[in-house]
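**Student:** Shown below is the structure under consideration.
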Amino acid sequence: FMVVTIAQLLNWKTQQRSITVLTAWDYAIAQILDETGVDVILVGDSLAMTALGHETTLPLSLDAMLHHAAAVKRGVKRALVVCDLPFLSYQESDQQAIRSAGRVLRETGVQAVKLEGGNSTIAQTVSVLTRIGIPVMGHIGLTPQSVHRLGYRQQGKTPEEAERIYQEALNLTQAGAFALILEHIPNELAAKITDAISIPTIGIGAGNNCDGQVLVTADLLGLTAKQPPFAKVYTNLREVIKEATENYIEDVKGKQFPK
Ligand code: KIV
Ligand code: NA
């Protein structure tokens, strides 16, 4: 089989073949997702909320992320694996970003990192990492590490905001990012960005005109108690797990297991 490379993602944009991205947080989930042929597996810092029970993504440490990313990578043979750089593991300085991204690549074996934002400071960081050979995925629009400033509201609704996000997409492309996550922005803005840049856009709550889509796997599987409005829930694993567990409890109490 063919492993997924960054060059392949760029080809798929040119061919208008939609890129599929899902998040993962451990070995078992990563292995199952990889066997389906999903293109990119993202060790998203949303795992702070979906797997670790935090209110936001902010409390996740780099060390905790390394632990999850290494487990995910061990489950993946085909997909490209990308790991989020946690809050305050890259914003302090370019040196800090190099050290953190370097640890992610060396200690987990994943192929790329993702960081949030697109102003000139972040674009500079992306450029520094890219030039030393570390592939970077960008993430603009709703950036959850800025939740205390932005909230979880849709971004880019006013013409000024839309123009700023459009400029951020150009900045990050110029800086050498290999793809961009567009989160919770109007469809027309996502379409305009997708047309304007040479690298793939991966949408989440950004309409159907992006080069690919990403979902938080815990939402897709119905593991989360509450999902954002733009998520699609494909199955209800909470119910499946509850039913299996109740059957086990009943069997043990009724001396039906073990036989
Ligand atoms: O952490 C995450 O799951 C993400 C995706 C929503 C893109 O960043
Ligand atoms: Na994230």
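Coordinate-derived values only; no laboratory data. Bear in mind the structure is a predicted one, so any value in this text is a computation, not a measurement. So basically every Cβ, Gly included, is an ideal-geometry build from the backbone, and we count neighbours across all protein chains shown.
**Student:** Using the beta-carbon distance between Lys226 and Gln15 and R0 = 22 Å, what value does 1/(1 + (r/R0)^6) give for FRET efficiency, to the nearest 0.05? Intermediate values should be presented prior to the final figure.
**Tutor:** On the way: r = 37 Å, r/R0 = 1.67.
E(calc), rounded to 0.05, equals 0.05.
**Student:** Scan around Thr23 for amide H atoms under 5 Å from its own, H built in the peptide plane at 1.01 Å from N, and keep only partners 5 or more places away or cross-chain.
**Tutor:** Under 5 Å from the amide H of Thr23: Leu42, Leu215, Thr217.
**Student:** Additional query: Output wanted: per-residue J couplings in Hz (rounded whole) for the stretch 40-45, from phi through Karplus 6.51 cos²θ - 1.76 cosθ + 1.60, θ = phi - 60°, x for Gly and Pro.
**Tutor:** 10, 10, 9, 7, x, 6
**Student:** Something else about it: Which order results if Met137, Met65 are arranged by neighbouring Cβ count within 10 Å, fewest first?
**Tutor:** Starting with the residue having the fewest Cβ neighbours, the order is Met65, Met137.
**Student:** To continue, here is another question. Can you list the residues, at least 5 places off or on another chain, whose amide H is less than 5 Å from the amide H of Ala179, using H built in the peptide plane?
**Tutor:** Residues meeting the criterion, in which the H sits 1.01 Å from N, are Gly138.
**Student:** Are there trypsin sites (Lys or Arg not before Pro) in the stretch 75-123 that DSSP marks as loop and that have at most 13 other Cβ atoms within 10 Å, and which are they?
**Tutor:** Those satisfying the criteria are Lys77.
**Student:** Another question, then. How high is the FRET efficiency from Ala7 to Lys242, r the C-beta distance, R0 45 Å, rounded to 0.05?
**Tutor:** For R0 = 45 Å, the calculated efficiency reads 0.55.
**Student:** Could you pull out every residue, at least 5 positions away or on a different chain, whose amide H is within less than 5 Å of the one on Arg78? Hs are placed 1.01 Å off N in the peptide plane, and Pro or chain starts have none.
**Tutor:** none
**Student:** Across the stretch 73-87, in residue order, what do the Karplus-derived ³J(HN,Hα) couplings come to in whole Hz, using 6.51 cos²θ - 1.76 cosθ + 1.60 with θ = phi - 60° and x for Gly and Pro?
**Tutor:** 4, 5, x, 10, 10, 10, 5, 6, 10, 10, 10, 5, 7, x, 3
**Student:** When the Karplus curve 6.51 cos²θ - 1.76 cosθ + 1.60 is applied with θ = phi - 60°, which whole-Hz ³J(HN,Hα) does each residue of the stretch 121-138 get, with x for Gly and Pro?
**Tutor:** 5, 5, 4, 4, 4, 4, 5, 4, 5, 4, 5, 8, x, 9, x, 10, 9, x
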